[in-house]
1. Quick check on segment 351-372. Is at least one of its residues within 30 Å of residue 52 (Cβ to Cβ) and touching a residue at least 12 places away in the same chain (Cβ under 8 Å)?
2. Can you say whether residue 354 is under 19 Å from residue 419 (Cα atoms) and modelled with pLDDT of 90 or more, as far as the supplied structure shows?
3. Looking only at segment 307-333, which residues are touching a residue at least 40 places away in the same chain (Cβ under 8 Å), farther than 30 Å from residue 473 by Cβ and not in a strand (DSSP E or B)?
4. Does at least one position in segment 149-171 carry a residue that is on the phi > 0 side of the Ramachandran plot and either buried (at least 19 other Cβ atoms within 10 Å of the Cβ) or in contact (Cβ under 8 Å) with a residue 24 or more places away in the chain (or both)?
5. Does segment 263-272 contain at least one residue that is surrounded by 23 or more Cβ atoms within 10 Å (Cβ to Cβ), in contact (Cβ under 8 Å) with a residue 12 or more places away in the chain and either under 13 Å from the mean Cα position of the chain (by Cα) or more than 22 Å from residue 453 (Cα to Cα) (or both)?
6. Take segment 335-361 and flag every residue that is more than 24 Å from residue 272 (Cα to Cα) and out of contact with any strand residue (DSSP E or B) (no Cβ under 8 Å at 6 or more places or on another chain).
7. Could you figure out which of (1) surrounded by fewer than 16 Cβ atoms within 10 Å (Cβ to Cβ); (2) in contact with a helix residue (DSSP H, G or I) (Cβ under 6 Å, 6 or more places away or on another chain); (3) under 22 Å from residue 130 (Cβ atoms) isn't true of residue 182?
């Protein structure tokens, strides 16, 4: 059989001729390809992910190809991110949390529901191995780019909540179908699902009215852990199984932040955890205290509200090292620009004096003339608003804790956007503090990793509870200090 290999964003391709019988990981290694697998290929760590066309993301150590296949390997930068995850995230020892399974072959599914992207991790509940990972764009994006527009849709349309809920559940069920078909099992074998996500996403998933989240005093229907019988959720799993949503902190700090923060190793005393997506959530850990806030960064870093912006999918310019040079997801012709690419381009414009410190742009900047991909003045203003919100939120929490940047041992950068931005661009534009230049560490999809650990170990749930007890939520919208900081940090300057 033939294995056709493509290395993401490199343009490199190769064909391996081999015989069936070995795992894909072994085939790749035997042919000189380095695939990161810190657990040694035992199917435990879930770091050896590759993309097999027609099957999605799979663990190469548990996949036995038996026919011709096309495999997309992660680029070097993505491999570095996976390495960072293993350095800073804590893998919990597996415990059988399903004491009396309904079936002889029970599976669990850990799901991270992002506003833009949904990631599903399929776990063998007998041995703790992650057997498959799937990801897809959140179908709710057609109803609005951010949580506020989706809440407004629910408010203005009588069946809005039902539409949003159905679109998500239908897509999740599609991937549950794919899993059961590939594993030659039934939906009844899936006995537990655990979800992490922002508070709005979890409300919509469970069919709870999210409108109060957007109205002062911003009181969601729930923030604590929810446990539902599967039969009442329309999810295609064992009807007697459990559907669990991890606990949130507030209307705008969800269980994704709690799960991600809980997934970090206990190796620092004072540190920042920043998740930059359609909203910017920030946690400052100060010994036995934790301060959290959410900033209204808007969806600019997800590619929305940008004239030629798009999500981080095939065709998106994801990096811009210099004039006329760019990296495109999927090695295709550029179709638009995602958040990491936008930040790179703004940094390039600053360095080359094509915009000034105030963000003033003399003329549009052409990125890819063939498809009229460009950056305009309004795009620069969107980035200024978003980056000022993030940086100002960090400043407010630092002041509340009485810390200086010299006291901060690390800044852990989470979320899809946080994975792929170049740190130099984030510092140059003032998105992140320049004082922390050598202490910024990407930790990948730590929220997804966290909800996976919740399924692996009851002790992880105890760790979540300890973090919640130490947490104070800071509502920035009512603070004059945040308003002042926001105005002062609009310019493109660090420090």
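The values are calculated or read from the model by the stated rules, or taken from the named source; none is laboratory data. Just so we're clear, the structure is a prediction, and the values are computed from it rather than from any experiment. FYI the Cβ positions are ideal-geometry reconstructions off the backbone, even for glycines, and counts take in every protein chain you see.
1. Yes - at least one qualifying residue is present in segment 351-372.
2. Criteria not met by residue 354.
3. Residues satisfying the conditions are 307, 308, 313, 329, 330, 331.
4. No, that holds for no residue.
5. Within segment 263-272 (the criterion being surrounded by 23 or more Cβ atoms within 10 Å (Cβ to Cβ), in contact (Cβ under 8 Å) with a residue 12 or more places away in the chain and either under 13 Å from the mean Cα position of the chain (by Cα) or more than 22 Å from residue 453 (Cα to Cα) (or both)), the answer is no, since none of the residues qualifies.
6. Once the filter is applied, which keeps residues that are more than 24 Å from residue 272 (Cα to Cα) and out of contact with any strand residue (DSSP E or B) (no Cβ under 8 Å at 6 or more places or on another chain), segment 335-361 yields 350, 351, 352, 353, 356, 357, 358, 359, 360.
7. Going through the list (1) surrounded by fewer than 16 Cβ atoms within 10 Å (Cβ to Cβ); (2) in contact with a helix residue (DSSP H, G or I) (Cβ under 6 Å, 6 or more places away or on another chain); (3) under 22 Å from residue 130 (Cβ atoms), residue 182 breaks only (2).
Each row is one residue, and each column tells you yes or no for (1) in a loop (DSSP other than H, G, I, E, B); (2) more than 20 Å from residue 118 (Cβ to Cβ); (3) out of contact with any helix residue (DSSP H, G or I) (no Cβ under 7 Å at 6 or more places or on another chain); (4) modelled with pLDDT under 95.
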| position | (1), (2), (3), (4) |
| --- | --- |
| 196 | no, no, no, no |
| 202 | no, no, no, no |
| 219 | yes, yes, no, yes |
| 228 | no, no, no, no |
| 237 | yes, no, no, no |
| 266 | yes, yes, yes, yes |
| 278 | yes, no, no, yes |
| 281 | no, no, no, yes |
